[in-house]
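**Student:** Got a structure for you, questions after.
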Amino acid sequence: QYLKSALRLLPLLRQPDERSSIRTRRDLVRMARVEAAPGILRAFQYTPGALTVLDQGPIYTLTTLLDLVGEGEPESRLKTWWAAKARQLAGLVDTVVWLEAPDEVLIERIRSRPKDHLLKDKPPAAAQASLALHRQRFEQTIAQMRLSGELRLLCLDTTRRSPQEIAGDILTLVA
C-alpha cells in the first residue's frame, strides 16, 4: 500500500517549487503514510460493527506535515495536496479524540517514560513552546477537516479521569 502511495506522489514531487519544501526521507515517508491512509481506513470500514481506533494515525501524521506546507505561503501544489488529504480523511473518520493535559504534566510524562521523545531533554520553556506549536497545528488540521462536514471532536483532560474512564467515555460516544 505504501509503495503505491509513494508512486502516486511522484507528480507532486517532480515540481521544482515543491522539492525545496520536502527536506528529508522522513517527510517522504510521512507523505506516503497520509496518501495510503484512505485505502487502509476504507478496508476497515467494510467490517460490520467494527470500531477502528488509531493511535497517532493519519491525522497526526498530516499535522506533522504542516511545516512543509508553509503557513503564509501562496497556494502551492503541496498545500493543495495537504488540504485534499484533510478533506479525504474527514470523510472517513467520524470522531477525533484529543487527549489533553497541562504542559507541565505532559512534559513530566514524556521525561518519565523510557521511550525517546524530541522534548525529553529540552528545557521547560522550549518544551512548552513545542507543545503550543503542536496544539496550534493540530487545531489547524482539525479546522481544515471540519470544512468538509461533520467531524466530532472529543477533548478529554487526562489529568481528571483514569484511562478506564476515558475509554468508557469514548465507547459511550461511539456506541
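**Student:** If you take the Cα Rg of the range 94-149 and divide it by 2.2 N^0.38 Å, with N the number of residues, what do you get? Can you show the working numbers first?
**Tutor:** Numbers: Rg = 13.5 Å, N = 56, 2.2 N^0.38 = 10.2 Å.
For the range 94-149, the normalised Cα radius of gyration comes out at 1.33.
**Student:** On to the next question. Would you mind checking which residues have amide H under 5 Å from Val96's amide H? H placed 1.01 Å from N; only 5 or more apart, or other chain.
**Tutor:** Long-range HN contacts for Val96: Arg152, Leu153, Leu154.
**Student:** Once you place label points 7 Å from the Cα toward the Cβ at Trp98 and Leu171, how far apart are they in nm?
**Tutor:** Calculated label separation equals 2.6 nm.
**Student:** Hey, another quick one. Can you list the HN-Hα couplings for the range 116-133, worked out from phi with the Karplus curve (6.51, -1.76, 1.60; θ = phi - 60°), rounded to whole Hz and with x for Gly and Pro?
**Tutor:** Ordered by residue, 3J(HN,Hα) equals 5, 7, 4, 8, 4, 10, 6, x, x, 5, 5, 5, 5, 5, 5, 5, 5, 5 Hz.
**Student:** To check my understanding: the extent here is largest minus smallest coordinate of the Cα atoms along each principal axis. What are those three numbers for the range 59-143, in Å, largest first?
**Tutor:** Here the spans come out as 39, 30, 20 Å, largest first.
**Student:** For Leu173, what accessible area in Å² do you get when you roll a 1.4 Å probe over the heavy atoms of the protein chains, rounding to the nearest 10?
**Tutor:** Roll a 1.4 Å probe over it and Leu173 shows about 60 Å².
**Student:** Still on this structure: Starting from the Cα-Cα distance between Leu10 and Ala126, subtract it from 0.36 nm times their residue separation and give me the gain in nm to one decimal. Mind showing how you got there, number by number?
**Tutor:** On the way: separation 116, 0.36 × 116 = 41.76 nm, distance 3.60 nm.
Difference between extended and current length: 38.2 nm.
**Student:** Next up: Show Val29, Val53, Val69 ordered by accessible area, largest first, where the area counts protein heavy atoms only and the probe is 1.4 Å.
**Tutor:** Working: Val29 70, Val53 120, Val69 15 Å².
Result, largest first: Val53, Val29, Val69.
**Student:** Now a separate question. Could you grab the relative contact order for the range 67-163? Cα pairs under 8 Å, six or more apart, rounded to a whole percent.
**Tutor:** Result for the range 67-163 is 46 percent.
**Student:** Cut-off under 28 Å on the C-alpha distance; same-chain residues fewer than 8 positions from Lys85 excluded. Which lysines are left, in chain and number order?
**Tutor:** Within the straight-line limit of under 28 Å, Lys85 reaches these lysines: Lys4.
**Student:** At 7 Å along the Cα-to-beta-carbon direction for both Asp55 and Arg113, put a label point, then send me their distance in nm to one decimal.
**Tutor:** Placing both labels 7 Å beyond Cα along the Cβ direction yields 0.7 nm.
**Student:** Long-range amide H contacts for Asp157: which residues qualify at under 5 Å (H placed 1.01 Å from N, peptide plane, sequence gap of 5 or more or a different chain)?
**Tutor:** The answer is Glu100.
**Student:** A further question on this structure: Calculate the dipole size of the range 49-175 relative to its Cα centre from +1 charges on Lys and Arg beta carbons and -1 charges on Asp and Glu beta carbons; express the result in debye to the nearest 20.
**Tutor:** Dipole of the range 49-175, to the nearest 20 debye: 200 debye.
**Student:** Can you list the HN-Hα couplings for the range 143-150, worked out from phi with the Karplus curve (6.51, -1.76, 1.60; θ = phi - 60°), rounded to whole Hz and with x for Gly and Pro?
**Tutor:** 4, 5, 5, 5, 5, 8, x, 6
The values are calculated or read from the model by the stated rules, or taken from the named source; none is laboratory data. Keep in mind the model is a prediction, meaning the values are calculated, not measured. Here the Cβ is made from the backbone with ideal geometry for all residues, glycine too, and neighbour counts use every protein chain on show. With ligands, DNA and RNA removed, areas are computed over all heavy atoms of the protein, side chains included. Shrake-Rupley method; radii C 1.70, N 1.55, O 1.52, S 1.80 Å.
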